[in-house]
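The values are calculated or read from the model by the stated rules, or taken from the named source; none is laboratory data. These numbers were taken from a predicted model, which means no experiment stands behind them. Positions of Cβ are backbone-derived with ideal geometry, glycine not excepted, and every protein chain shown enters the neighbour counts.
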Amino acid sequence: MKSIFFFISILFVSLISFGQDQISGTVYDKNTGETMIGVSIIDTSTMKGTLTNNYGRFFLKVAGEDSVINLAVSCLGYTPITILVEKSDVINLFLEPKLFEIDEIVVTPKGINMQTPNRRFTILPIDLKQMPSFSGEADLITLMQLIPGVSITGDGNATLNVRGGSNDQNLYLIDDMPLYYMNHLGGFLSTFNSDIIKSTDFYKSGFSSYYGGRLSSIVDVRTNDGNLHEYNVYGTIGLLSSKIGIEGPVVKDKSSFLISARKNTIPIFRWLWNMDIDYRFYDTNIKYNYILSSKDRVFFSFYKGKDLVELRNNEKGNRNKQAVAWGNIAGSIRYGRLFSSKLYGNLIVGHTSYLYSELTDSKIITNDGETNKYFNEFLSNIRDNFLKINFEHYPREKIKLIYGYEYINHNHYPGKSTTIQSGPDYSDLNIERGFPESRVGEHDVYVQSKIDDFYRFSINAGIRTAILFSGESSYILPEPRISISKTLGNVHLTASYDAMHQCFHTLTNQGAGIPVEYRIPVLTNAPPEKSEMVSTAISYIPKTKSFQIDIDFYTKRLNNLVTLKDGISFTAYKNNLEDIFYSEGKGQAKGIELTIRKTGGKTTGWIGSTIAKSERVFEEINNGNPFNYKYDRPFEFKIYVAHQQNMKLSFSASWVYGSGTPISIPVGQYYDLENEVVLIYGERNSIRGKPYHRLDVGINYKLSPKWGESVWSLSIINLYNRKNPYYYYADYDNGFNGTGKMTFYERNLFPFLPSISYGFKFK
C-alpha cells in the first residue's frame, strides 16, 4: 500500500504546472510520414536540447522571452534543418533523407550522451542490412549475440543468455507487445522481420521502471508505421526463406497500413542435411496507423508466427507421423495523446499467447492384416491479456518523469496430453491427463524520474511494484532501481542497482540434447523469481563521438529458481505439477565486459571481450553444492566489422570465440512401472564441451533502378568450416541395465554455408 500511495503522490505532484517555457512536438520522415526515433533537437541560443522518444515525440525547455526560437534538427542519414518556430503546444518537424555520407556527424545536445554508457545498446536498420546473414536473412537476435555480456549459445540458437540469465528471463517487446518465444528454424532465425524494424533498444542493466516481468534484459523493438504518402512493395528472395511487404496510405497523410509476411522457401532440412524432415515456418506483421489530430494518434498492431516440424513415413498402407509445432500470437491497440507541451500519454490494450504442441499419429498393418493405431497429442500454452497506461512528463528543465499502471491476466495451460491406442499389439486405451489450468492476476504501478546535469551527475531513480494474485497466494513485489552517472571530461562513470521479478517459471530439459521450454505459473512451492544486479561502468567517449570504449563490471544474484528433475519427461508425467521440479534455487553471476565500438567513418563495428562466471545452487542437486549454469562460458571474444565502400558496395564480417559450455549426460536408464524410460544422470553440468568459434562474412551490392531499389547479398556462414556442436547425445548398447557401454556423440549442423539473396523495393 505504501508503494501505491507513493505512486499516487507522484502523479499529483507531477501534474502541477511550473510555468516554464517548454515546447513539444513530433518529428517525421518527410518522404514516408514515419515518426523518427533519436532525432537531435537543439535550441541554438543555448545549445541545449533533447532527443525524440520511441514514439517520435520531443519535449524541450527553451530560454528567453521571445515568442520565436531557432531549432537545429538533425539525424544520421537525413538533411539537417535549422528552423524558426513559435512557442506553442505542438510543433511538427519534417526531415528529408539524403544521400549517404561516409563521414557524417550529428551534433549532440549538451548534457546528452548519444551512446548512453552501460544502459542502452541501440541497433538501427543499417546495422541489420550490413551484417552477414544466414541464407541472406538478416537477423536481429543474431546480431545482438555479438554484444559483450550476451553468451554465445551455439549454432542454431536465436536466443539471448544475458549476464548469466536464461532466455526466458529476457523481456522481448514488439511495439509494446510481449512475445514469449523468439525462434524460427529451431533457432537459426528469430521471429523479428528485419524489413520492418525502425529501431531496437537493448538493455542489460540500468532498467527503467517502465519495464517489468523479467530478470535479465530488455529487447524493445519498434516497427515502421506504414508510409503515409505513397505505396511501396518490398521483399527478399532467399534460398531458405523469402518475404514480402506492402505499405501505403489508407487516407493520404491521415492513415496508413503495413503488411509483411515471411515463409520458408524450400524443405530446409532435406536440402541442407539430407534429413527426411519437413520443416515449415511463417510469420506475419500487420500495422495500422491513424492520425486523429496533431495531438492524438491510434495504432493497431498484430503479429503471428508458427513453426512446424514433421517426420512422415507412409509405406504399404502404414502411417507414421511425428510433429512438433510452436508459435506466438500478439495483438494490441494503442492510443497516444499529447496533453500539453509537458505531458504525453499512452493507453494500450492487447493480447499475447504462446502455444507448443507435440503429435504422434501412427497406423501399422500387421502381417495378419490387422491394424494397430496409436495417437498422442501434447499441448502447452500461456495466454495473456494486458492493459497499459503510461505517461511521460517533463515538469521542469532537466527533469523527466515516467509513470503508469499495467495489468496482466496470465492464463496458464502447462500441459495436457491425449492418448488413444487400439489393436492386437496394444491394450485399448483412451485417456486424457494433464496439469491443472491456472489464472494469475498481476497489477504493476511504477514511477521513474530522470534528472540531467544535477551537479554534473545524471540520476535515474524509480520503483516498480508488482501485486500478484495466484490461487490462494498473493505477493507484493517492490522493485527499486537507480542509476547514477558522472561526467569527467571525456570519461563517464556509471553505477546502477536493479531489482526485478518474474511471475512465471520455465522448465527446460537438462540433458545435452536440443533444449525445449515449458512455462508454468507461480505456485505455492515456487514463488516469483527475483534478481538483484549491481553494475558499474567506465566509458571513454572523445569529443568527435566517432568511437567509444566501455568497461563494465557486474554481479547478479538470482532467487526462487526452478529446474526440472533429472530423468523427468514433462510431456509424459501424470502426477502433480509440483512433483516434477526442484524449487528455491539460487544463482549467481559476475563478470567483466570490454567493448570498443566505432560509430563514424567508412568502417564501423565493435570488439568485445567477456570474462564471466555463472552458477546455480539447488539443495537436491550435487549435495547442495554450486554447479555451472548450462550456458556458462568463462571467456568470450567477439569482433563485428561493417565497411561501407561507397553508395553501392558494403562488406561485413563477424568472428566469435567462446570456451565450451557445461553439459549433463546420462550414465544409464531404467523403465518405471508404467514402462516409461527414466534417464539416470551424473553430476549436473560436470562435463564441458569443446570451444566454439566461427567466422561469417557478407557482401552487399546495391542498385538504384528507375522503379525503386534492389540489393544483392552474398554471405558465407562458417567460412573455415568449423565443426561446432549443436547438441550432444549418448547411445548405449545391450540393454541399459548397468551392463551396457555408453558412447558420447555430438551433432554438428553448420558446415561451410554460402548463400545468396535478392532484395527489392518498388516505389
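Structure notes:
- Test: residue in the stretch 288-304 that is among the polar types (S, T, N, Q), touching a residue at least 60 places away in the same chain (Cβ under 8 Å) and surrounded by fewer than 16 Cβ atoms within 10 Å (Cβ to Cβ): yes
The rows are residues; the columns are (1) in a loop (DSSP other than H, G, I, E, B); (2) among the charged types (D, E, K, R); (3) farther than 30 Å from Lys363 by Cα.
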{"site": "Gln421", "(1), (2), (3)": "no, no, no"}
{"site": "Pro424", "(1), (2), (3)": "yes, no, no"}
{"site": "Asn430", "(1), (2), (3)": "no, no, no"}
{"site": "Lys486", "(1), (2), (3)": "no, yes, yes"}
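- Residue that is nearest to Leu507 (Cα to Cα) [pool: residues in the stretch 529-564 that are surrounded by fewer than 20 Cβ atoms within 10 Å (Cβ to Cβ) and among the aromatic types (Phe, Trp, Tyr)]: Phe553
- The stretch 452-463 residues that are modelled with pLDDT under 75, paired with ones that are in a strand (DSSP E or B) (beta carbon under 9 Å, 6 or more apart): Asp453/Lys110; Asp453/Thr487
- Of the residues screened, Asn409 is one that is surrounded by fewer than 16 Cβ atoms within 10 Å (Cβ to Cβ) and within 23 Å of Leu347 (Cα to Cα).
- Subset of the stretch 370-397 [over 18 Å from Tyr55 (Cα atoms) and of a type in the set (A, V, I, L, M, F, W, C)]: Phe375, Phe378, Leu379, Ile382, Phe386, Leu387
- Just so you know, in the stretch 423-442 the residues that are within 29 Å of the chain's Cα centre (by Cα) and hydrophobic (A, V, I, L, M, F, W, C) include one that is modelled with the lowest pLDDT, and it is Phe435.
- All conditions but one from (1) surrounded by 17 or more Cβ atoms within 10 Å (Cβ to Cβ); (2) under 30 Å from Leu379 (Cα atoms); (3) polar (S, T, N, Q) apply to Ser449; the one that does not is (2).
- Hits in the stretch 354-372 - residues which are closer than 27 Å to Met177 by Cα and either basic (Lys, Arg) or free of Cβ contacts under 8 Å to residues at least 60 places away in the same chain (or both): Leu355, Ser357
- Some residue of the stretch 677-695 being crowded, with 19+ Cβ neighbours inside 10 Å, under 30 Å from Asn161 (Cβ atoms), in the same structural domain as Gly605 (by TED's automatic domain parsing) and at pLDDT 85 or above: yes
- Positions within the stretch 362-407 being basic (Lys, Arg) and within 27 Å of Gly25 (Cβ to Cβ), in sequence order: Lys388, Arg396, Lys398, Lys400
- When Met144, Met182 are checked against the criterion of being modelled with pLDDT under 90 and within 18 Å of Ala653 (Cα to Cα), a single residue qualifies: Met144.
- Ser205 in contact with a helix residue (DSSP H, G or I) (Cβ under 8 Å, 6 or more places away or on another chain) and of a type outside the set (D, E, K, R): no
- Residue-level analysis places Glu615 outside the set of residues that are exposed (fewer than 15 other Cβ atoms within 10 Å of the Cβ) and among the acidic types (Asp, Glu).
- Of the residues screened, Ser614 is one that is in the same structural domain as Ser531 (by TED's automatic domain parsing), in a strand (DSSP E or B) and under 30 Å from Val324 (Cβ atoms).
- In the stretch 158-192, residue surrounded by the most Cβ atoms within 10 Å (Cβ to Cβ) [restricted to those that are in a loop (DSSP other than H, G, I, E, B) and hydroxyl-bearing (Ser, Thr, Tyr)]: Thr191
The rows are residues; the columns are (1) part of a strand (DSSP E or B); (2) at pLDDT 95 or above; (3) not hydroxyl-bearing (Ser, Thr, Tyr).
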| position | (1), (2), (3) |
| --- | --- |
| Leu347 | yes, yes, yes |
| Tyr356 | yes, no, no |
| Phe378 | yes, no, yes |
| Glu392 | yes, no, yes |
| Pro395 | yes, no, yes |
| Gly404 | yes, yes, yes |
